[in-house]
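The values are calculated or read from the model by the stated rules, or taken from the named source; none is laboratory data. No experiment lies behind these values; they were computed from the predicted model shown. As a convention, Cβ positions derive from the backbone with ideal geometry for all residues, glycine included, and neighbour counts pool all protein chains shown. For the accessible areas, the whole protein counts, side chains as well, though only heavy atoms, and no ligand, DNA or RNA atoms are used. Shrake-Rupley method; radii C 1.70, N 1.55, O 1.52, S 1.80 Å.
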Amino acid sequence: MPFSWNDLLWGLAVPLLTAGGLRLLLVWLFQQFAAAGNRDPAPEATASAENPRAYPLETSLPLVVGAAVGYFVLKLGPWIPDAHYEWLPVGIAIAMLAAVAVGLLGQSVLIRIAVLPLVYAVVTAGIGILLIPTWEDLSPPYAPYLFCWCIGVTAVSVVTQLSPESNRWPFAVVWLGTCLAVAAIVAISESLRFAQIAGLTFAASLGLVATGLSLRRCLLDGVGLTLTIYLAGILLIAQVNSWSAVPLASYWLPMAGPLLAAVVGVLLSQKCSPALRATLVILAAAIPSTIAVILAFVATLSE
């Protein structure tokens, strides 16, 4: 697929401005409704006064809309799916709607411990069935591939969504870095169109972060399921459709980053200094992503 600097410009600017602008609009609408009803401004569940949490409506919806507008402007694929990989936009939309619906149910223990994991697992299984082809020569074979992909995506999306780290700024760096790593691996596998689709996540997420910073709100909280489905889905598509020498590990390691970062954040003592906590959380995600990119690059040197 031909690539130009104009594609890069539009692929960055359009999703960034769309996602950031829509989030700004949603927050304003939340505040207007809250003011009219004399309620707390914006639908958020506050973990603490310093770290307010946002429902996926404020972050996942703009993320998907921003990426969709970029997808349309760059004409990266059809809107009516035919081949297995063309179902990814549908899967991302389903994930976003599920995340928003669960988020609007509230933050009670029952919702967080029972309803959220169950819904995320069901949605992930359905999307996995849509995305993974049933070819006889699929490697790994269909059944173990589907099982492992669904378990992995469910684990990453649930843990990152429930982690207290997800509403802190280091985790926004984790997500942005993971987006870049995924786009790099897909590009190395010689799937430039898929790499552009992956790159839309970085641009849209950056728009959300910019708006969050300007409004002094959480940066990327609420994107656990949506962003995990998006990134894991494009890695899956790139792997099964690539003839390059990029190893399977390179397609799986990047998504271990957010999971490890969330776990490290939970294990760290509350007495740990903010700077050290941020460094360790970011490093936990950066290491597997860096290894994945290096493995992909080295494997393709001889091609």
Q: Please specify each residue of the stretch 226-255 satisfying the condition of being surrounded by fewer than 22 Cβ atoms within 10 Å (Cβ to Cβ) and closer than 14 Å to CYS179 by Cα.
A: TRP252
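Name the residues in the stretch 181-193 that are part of a helix (DSSP H, G or I) and in contact (Cβ under 8 Å) with a residue 60 or more places away in the chain, would you?
In the first step, residues of the stretch 181-193 are kept if they are part of a helix (DSSP H, G or I); the result is 181-188, 192-193.
ALA181, VAL182, ALA184, ILE185, ILE188, LEU192, ARG193 - these are the residues of the stretch 181-193 that are part of a helix (DSSP H, G or I) and in contact (Cβ under 8 Å) with a residue 60 or more places away in the chain.
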Q | Counted residues, the stretch 9-20 - those being over 19 Å from the mean Cα position of the chain (by Cα) and either at pLDDT 95 or above or surrounded by 14 or more Cβ atoms within 10 Å (Cβ to Cβ) (or both) | A | 1
Q. Can you spot a residue in the stretch 197-211 that is crowded, with 23+ Cβ neighbours inside 10 Å, farther than 26 Å from ALA68 by Cα and among the small types (Gly, Ala, Ser)?
A. no
Q. What is the number of the single condition among (1) in contact (Cβ under 8 Å) with a residue 60 or more places away in the chain; (2) over 14 Å from the mean Cα position of the chain (by Cα); (3) not in a loop (DSSP other than H, G, I, E, B) that ARG217 does not meet?
A. (3)
Q. Can you tell me which residues in the stretch 265-303 are touching a helix residue (DSSP H, G or I) at 6+ places or on another chain (Cβ under 7 Å), free of Cβ contacts under 8 Å to residues at least 24 places away in the same chain and in a helix (DSSP H, G or I)?
A. LEU280
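Please enumerate the residues belonging to the stretch 169-187 that are among the aliphatic types (A, V, I, L, M) and under 20 Å from THR211 (Cβ atoms). Can you show your working first?
From the stretch 169-187, those among the aliphatic types (A, V, I, L, M) are 172-174, 176, 180-187; that's our starting set.
Correct list: ALA172, VAL173, VAL174, LEU176, LEU180.
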Q) Has the stretch 145-156 got any residue that is modelled with pLDDT of 95 or more, open to solvent by 60 Å² or more (accessible area, probe 1.4 Å) and of a type outside the set (Val, Ile, Thr)? A) yes
(Q) Which numbered condition in (1) without any contact (Cβ under 8 Å) to a residue 12 or more places away in the chain; (2) outside any loop (DSSP other than H, G, I, E, B) is the only one that TRP79 fails? (A) (2)
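Determine whether VAL223 is in contact with a Pro (Cβ under 9 Å, 6 or more places away or on another chain) and surrounded by fewer than 23 Cβ atoms within 10 Å (Cβ to Cβ).
Working: in contact with a Pro (Cβ under 9 Å, 6 or more places away or on another chain): yes; surrounded by fewer than 23 Cβ atoms within 10 Å (Cβ to Cβ): no.
Criteria not met by VAL223.
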